[in-house]
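Read-outs throughout are calculated quantities, based only on the coordinates presented, and are distinct from any laboratory measurement. Because the structure is predicted, anything quoted here is derived from the model rather than measured. Quick reminder, even Gly has a Cβ in these numbers, built from the backbone with ideal geometry, and neighbours come from all protein chains shown.
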Amino acid sequence: MAVQNRLVTLNNGVQMPILGFGVFQVPGEQTEQVVTDALAAGYRSIDTAASYGNEEAVGRAIAASGIPREELFVTTKLWIQHTGEDTARREFDTSLRKLGVDYLDLYLIHQPLGDYYSSWRAMQKLYSQGLIKAIGVSNFFPDRLVDLIQHNDVIPAVNQVETHPFFQRHADQQLMREHRVQIESWGPFAEGKNDLFSNPTLTDIGSVHGKSVAQVVLRWLTQRDVVVIPKSVRPERMAQNFDIFDFELSDEEMTRIAGLDTGETVFFDHRDPKMVQWLGGRRVD
Ligand SMILES: NC(=O)c1ccc[n+]([C@@H]2O[C@H](COP(=O)([O-])OP(=O)(O)OC[C@H]3O[C@@H](n4cnc5c(N)ncnc54)[C@H](OP(=O)(O)O)[C@@H]3O)[C@@H](O)[C@H]2O)c1
């Protein structure tokens, strides 16, 4: 049975599938098959990044799929090493070439580190030239997001941040809403940390609806109007994760899930100076 995805409308009118597919940590040699399987499962939005090292493989899968370009929503991200106005412009061209496309649907500043204001100026130009349908950011905490908005022309369409049952970002989402920035979750399953897939609350709610924990989590996020891009290398899980539009969580179930929030990352704090230094020194080519 064909599953109908939902679209969200970004602040510039561009429409984006609320459910997409992420390829972080999928090795280059496996990515073409994985993306081919994801497209066959019905995904049309693919999230990659220059730093994932698999843009070329994503591009091969897109080309082989025969799916018209306008039916796809392709996102990639600019790494810290390549911030700066000229460098960002060059890296954008490199990403386009690797992906085998002539425009991006969404281009994100991967981290609020390095000379990212210059990158944003380059991205604003590319956006005004029609080479990117929407520009956005990732891992921006509220202070960085508000500052970028205040001192630039284009408001980011999207902020992709860690968002899952243990780190729910309700206040951050509210702030983004006030600024008309769409929240997008990375790590919707917290990559399985804190035993997410056997969490008793999520398991219990799933059993009421005949759904898995993964489906409950994706349904909960999309019911909050959070864009999701779950990753899986397994076709049966891709199909399962796509099948979330035929049930609804009650207010009481949403409240129970809200109770799982710890308000903290399960990975690392992007504002920890040691982590800032580590990320800033990471070379991707
Ligand atoms: N902007 C950023 O800084 C940033 C950071 C991290 C991630 N992201 C993006 O967000 C995407 C998603 O986040 P993520 O990949 O970090 O983690 P995630 O989607 O939270 O979790 C992926 C893990 O869950 C497993 N899984 C998937 N579906 C499942 C299911 N139905 N049942 C049981 N296990 C399941 C996968 O295993 P299998 O693959 O073996 O199925 C994998 O181990 C990434 O791929 C990337 O595109 C962005």
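You will find that of I149, I135, the residue that is away from the ligand (no atom under 14 Å from the Cβ) and assigned to a strand (DSSP E or B) is I135 and no other. Going through (1) within 16 Å of the ligand (Cβ to nearest atom); (2) in contact with a Gly (Cβ under 8 Å, 6 or more places away or on another chain); (3) assigned to a loop (DSSP other than H, G, I, E, B) one by one, F140 falls short only on (2). When the criteria are applied in full, Q160 fails the requirement of being surrounded by fewer than 21 Cβ atoms within 10 Å (Cβ to Cβ) and either within 22 Å of D269 (Cα to Cα) or touching a residue at least 24 places away in the same chain (Cβ under 8 Å) (or both). Among the residues of the range 99-121, those that are more than 16 Å from the ligand (Cβ to nearest atom) and either in a loop (DSSP other than H, G, I, E, B) or in contact with a helix residue (DSSP H, G or I) (Cβ under 6 Å, 6 or more places away or on another chain) (or both) comprise G100, V101, D102, Y103, D115, S118, R121.
For the range 268-281, indicate whether the set of residues that are among the polar types (S, T, N, Q), under 30 Å from D115 (Cα atoms) and outside any loop (DSSP other than H, G, I, E, B) is non-empty. Yes.
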